[in-house]
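Data block below; observations after.
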Amino acid sequence: MNEVKLTQLGIKDSRDLLNKKEISATELTNAYIQNIEESSKLNAFIEKTFDKALMQASEADKIIGTDSQKSLCGIPLGIKDLFCCKNVKTQAASDILENFIPPYESTVTQKLWNEQAIMLGKLNMDEFAMGSSNETSTYGPVINPWKSTDSHDSLTPGGSSGGSSAAVAANLCTGATGTDTGGSIRQPASFTGTVGLKPTYGRCSRWGIIAFASSFDQAGPITKNVTDSAIMLKAMSGFDPLDSTSAKIDVPDYEQELGKDIKGLRVGLAKEYSLQNGDSEASRKLEEAIKILKNMGAEIVEVSLPHTEFALPTYYVLAPAEASSNLARYDGVRYGYRAKLDTNDSILELYEKTRSEGFGTEVKRRILIGTYVLSSGYYDAYYKRAQKVRSLIKNDFDEVFKKVDIILTPTTPTSAFPLGSKGTQDPVEMYMNDIFTVPANLAGLPALSLPVGLDELGLPLGVQLIGNNWQEPLLLNTAFNLENTLAFENNPKKWWA
Amino acid sequence: MEIDTETVLKIARLSRIKINEGESADIQKDLNRIVEFVKKLGEIDIDGIDEFNFGKTNIEDMRKDSVTIYDNTDTILKNTKNKNQDFFTVPKIVE
């Protein structure tokens, strides 16, 4: 089979061909390796594990068709650099973890390998997942495979899982892992025409995922289509004794849930999630999605989430507070970067110089603001208050889910923007990107971004579906129905090879 | 401005991040911008509202607090150049 076509397939289609023995896992893996080797301009893969991949592929070829075969046997995946992988360099795209080789494997990636998936390598991201454009990575930004029709500017693939989204859109892997603390799976998916799913908080174990904000962080898949998302989510999910916040709730066979009738589904449209420009392609695409759902028998219900305008300020108190605590462990003593010290420097200088030189600007900014909102005299005014507002935001969703089954919103205010165009003078300008995605993290709810088409500039646009806790089957099935009618094709012009 | 130069230095010290004189003004400006942004939270009446928690469904149970033996110190020490036998080395702490 033609290799270009082979790598366009995604997880389900590759699995089906592998099962029919029309292709081998080794053949499939080699096709991806070739694509990755040609993709250096995209800067998506920062650590390649091709030897390991080919060994896993050879193993998979022996297993396929036998009783030992598991759900992802022979499927080549990319892994966000936030996941610790045993004996594979893992840095969270930060200098402070320079040459860190984890002696253990994250639970989520272990589950993928238990299902016999193949590891192609580690994917670029914003440093410690703090960013919305991939520009805070120590490896430099990932470039979006998509380009605007009216300019040659390099565009952001979104962030923080920008390496994952770009790699999937550019056919560098069948699917990829991402993590989402304030939109880091859904926004990059929206910017690259891919499907990104942030599961319910507690669906996937956080063990071995480098922590950013522990009450928000959640792993999830970025894939070419909804079916692949369902397949990958099943493999990634489940209770883990090593993460006490992972839920002891059965993992459904999400793929089996797809294709069900959505007649009578109550879809909420929240007035607080409207796009600024009502006369744009983005608005029209959202309208089109609504129309499709209506035609399928869904009932559209106007709803209100009155505290939405407080979501971003709440997030930018709580997430930095948790980050300041989580990132306290990087002290230069046991692993990663250690600053060069002067002869008389004390242990304090070891900490302070290491952290000053090892962390990037945005990470330092968040540690400092987090330390500030937790410090004596400010804790009540900021941190405690934000925790209470977080309750109000969750209550808004609880009320709305009494009236509807699912909420439909835009994923992002705009399509992908040029690198270097946002947040250089004002950090808050970059934070505004997460305006539609952050509320689901605050409330712990599952949410999915689905591509709906292209805007005036020929760039992908996404819509977001937010569900109630553990409603991933409903999210995926609704997205699947929409996807079938929209028939979006993710085929950016291949300028990078 | 809520965060003055002294406060920047204080939170930098608490954060164990060295700030050079040249970067202090920029950091101060950015932090004040963020504080100004999150001040919006002051507009809400939070009387009688509980702090957020995930409720019962998410914290299922804690694992047993049992002793496990990890004897692979070599693997751990591979991640540093600053070691002496089985120990990490740091600047002298005790005079």
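Could you grab me the full set of residues in the range A:100-124 that are of a type in the set (Ser, Thr, Tyr) and in a loop (DSSP other than H, G, I, E, B)? Quick ask: steps written out before the conclusion?
Filtering the range A:100-124 down to residues of a type in the set (Ser, Thr, Tyr) leaves A:104, A:106-107, A:109.
Those that are of a type in the set (Ser, Thr, Tyr) and in a loop (DSSP other than H, G, I, E, B): A:Tyr104, A:Ser106.
Inside the range A:154-183, can you point out the residues that are closer than 24 Å to A:Leu72 by Cα and assigned to a loop (DSSP other than H, G, I, E, B)?
Here is the first cut: in the range A:154-183, the ones closer than 24 Å to A:Leu72 by Cα are A:161-180.
Within the range A:154-183, A:Ser161, A:Ala170, A:Asn171, A:Leu172, A:Cys173, A:Thr174, A:Asp180 meet the criteria.
Which numbered condition trips up A:Ile292, out of (1) surrounded by 20 or more Cβ atoms within 10 Å (Cβ to Cβ); (2) assigned to a helix (DSSP H, G or I)?
(1)
Could you list, ordered by first residue, the pairs with Cβ atoms under 7 Å in which the first is in the range A:430-454 and in contact (Cβ under 8 Å) with a residue 40 or more places away in the chain and the second is among the acidic types (Asp, Glu) and surrounded by 24 or more Cβ atoms within 10 Å (Cβ to Cβ), at least 6 apart or interchain?
Cβ pairs passing all conditions: A:Asn441/A:Asp180; A:Pro446/A:Glu472.
Taking the range A:97-118 as the search range and keeping residues that are more than 14 Å from every other protein chain (Cβ to nearest Cβ) and in contact with a strand residue (DSSP E or B) (Cβ under 6 Å, 6 or more places away or on another chain), which one is farthest from A:Met232 (Cα to Cα)? Write out each step before concluding.
Quick first cut of the range A:97-118, residues more than 14 Å from every other protein chain (Cβ to nearest Cβ) only: A:106, A:108-118.
Still in the list and also in contact with a strand residue (DSSP E or B) (Cβ under 6 Å, 6 or more places away or on another chain): A:106, A:108-109, A:117-118.
Numbers: A:Ser106: 16, A:Val108: 11, A:Thr109: 11, A:Ala117: 10, A:Ile118: 13 Å.
Checking each candidate, the answer is A:Ser106.
State all residues of the range A:360-386 that are more than 7 Å from chain B (Cβ to nearest Cβ), in contact (Cβ under 8 Å) with a residue 12 or more places away in the chain and of a type outside the set (Lys, Arg); if no residue qualifies, say none. Give the steps one after another, and end with the answer.
Just the residues of the range A:360-386 that are more than 7 Å from chain B (Cβ to nearest Cβ), to begin with: A:360-363, A:366, A:370, A:373-374, A:376-381, A:383.
Keeping just the survivors that are in contact (Cβ under 8 Å) with a residue 12 or more places away in the chain gives A:360-363, A:366, A:370, A:373-374, A:383.
Selection gives A:Gly360, A:Thr361, A:Glu362, A:Val363, A:Gly370, A:Val373, A:Leu374, A:Tyr383.
Which one is nearest to A:Phe401 (Cα to Cα), of the residues in the range A:298-324 that are polar (S, T, N, Q) and buried (at least 22 other Cβ atoms within 10 Å of the Cβ)? Please lay out each step first, then the result.
Applying the first criterion (polar (S, T, N, Q)) to the range A:298-324 yields A:304, A:308, A:314, A:324.
Subsequent filtering for residues that are buried (at least 22 other Cβ atoms within 10 Å of the Cβ) retains A:314, A:324.
On the way: A:Thr314: 22, A:Ser324: 33 Å.
Restricting to residues being polar (S, T, N, Q) and buried (at least 22 other Cβ atoms within 10 Å of the Cβ), the top hit is A:Thr314.
With respect to B:Val67, is the statement that it is surrounded by 15 or more Cβ atoms within 10 Å (Cβ to Cβ) and either out of contact with any Cys (no Cβ under 7 Å at 6 or more places or on another chain) or under 30 Å from A:Gly336 (Cα atoms) (or both) true?
For B:Val67, the condition - surrounded by 15 or more Cβ atoms within 10 Å (Cβ to Cβ) and either out of contact with any Cys (no Cβ under 7 Å at 6 or more places or on another chain) or under 30 Å from A:Gly336 (Cα atoms) (or both) - is not met.
Against the condition surrounded by fewer than 23 Cβ atoms within 10 Å (Cβ to Cβ), β-branched (Val, Ile, Thr) and modelled with pLDDT of 95 or more, how does A:Val428 come out, does it pass? Please lay out each step first, then the result.
Values: surrounded by fewer than 23 Cβ atoms within 10 Å (Cβ to Cβ): yes; β-branched (Val, Ile, Thr): yes; modelled with pLDDT of 95 or more: no.
So A:Val428 does not fit the description; no.
I need the full set of residues from the range A:401-428 which are part of a loop (DSSP other than H, G, I, E, B) and among the hydroxyl-bearing types (Ser, Thr, Tyr), in order please. If you could, list the steps in order and put the result at the bottom.
Residues of the range A:401-428 part of a loop (DSSP other than H, G, I, E, B): A:401-405, A:411-417, A:419-426.
If the condition is that a residue be part of a loop (DSSP other than H, G, I, E, B) and among the hydroxyl-bearing types (Ser, Thr, Tyr), then A:Thr411, A:Thr412, A:Thr414, A:Ser415, A:Ser421, A:Thr424 are the ones that fit.
Given A:Lys89, A:Lys52, A:Lys80, A:Lys41, which one is surrounded by fewer than 19 Cβ atoms within 10 Å (Cβ to Cβ) and closer than 20 Å to A:Thr179 by Cβ? Give the steps one after another, and end with the answer.
Details: A:Lys52 fails: closer than 20 Å to A:Thr179 by Cβ; A:Lys80 fails: surrounded by fewer than 19 Cβ atoms within 10 Å (Cβ to Cβ); A:Lys41 fails: closer than 20 Å to A:Thr179 by Cβ.
The conditions single out A:Lys89.
Mind listing whichever residues of the range A:332-352 are in contact (Cβ under 8 Å) with a residue 12 or more places away in the chain, at the interface with chain B (Cβ under 7 Å from one of its Cβ atoms) and within 15 Å of A:Glu98 (Cα to Cα)?
A:Val333, A:Tyr335, A:Arg338
Restricting the search to the range B:21-33, which residues are more than 8 Å from every other protein chain (Cβ to nearest Cβ) and of a type outside the set (Lys, Arg)? So that I can check it myself, show each step before the final result.
Of the residues in the range B:21-33, the ones more than 8 Å from every other protein chain (Cβ to nearest Cβ) are B:21-26, B:28-29, B:32.
Selection gives B:Glu21, B:Gly22, B:Glu23, B:Ser24, B:Ala25, B:Asp26, B:Gln28, B:Asn32.
From the list A:Thr308, A:Thr314, which residue is at the interface with chain B (Cβ under 9 Å from one of its Cβ atoms), hydroxyl-bearing (Ser, Thr, Tyr) and within 30 Å of A:Thr409 (Cα to Cα)?
Working: A:Thr308 fails: at the interface with chain B (Cβ under 9 Å from one of its Cβ atoms).
Answer to the selection: A:Thr314.
Would you point out which residue out of B:Ile76, B:Ile11, B:Ile46, B:Ile27 is aliphatic (A, V, I, L, M), surrounded by 10 or more Cβ atoms within 10 Å (Cβ to Cβ) and under 23 Å from A:Met430 (Cα atoms)?
Numbers: B:Ile76 fails: under 23 Å from A:Met430 (Cα atoms); B:Ile11 fails: under 23 Å from A:Met430 (Cα atoms); B:Ile46 fails: under 23 Å from A:Met430 (Cα atoms).
Matching residue, one of B:Ile76, B:Ile11, B:Ile46, B:Ile27: B:Ile27.
The values are calculated or read from the model by the stated rules, or taken from the named source; none is laboratory data. All figures in this text were calculated on a predicted structure; none of them were measured in a lab. A quick note on method: Cβ atoms are made from the backbone with ideal geometry, for glycine too, and the neighbour counts reach across all protein chains shown.
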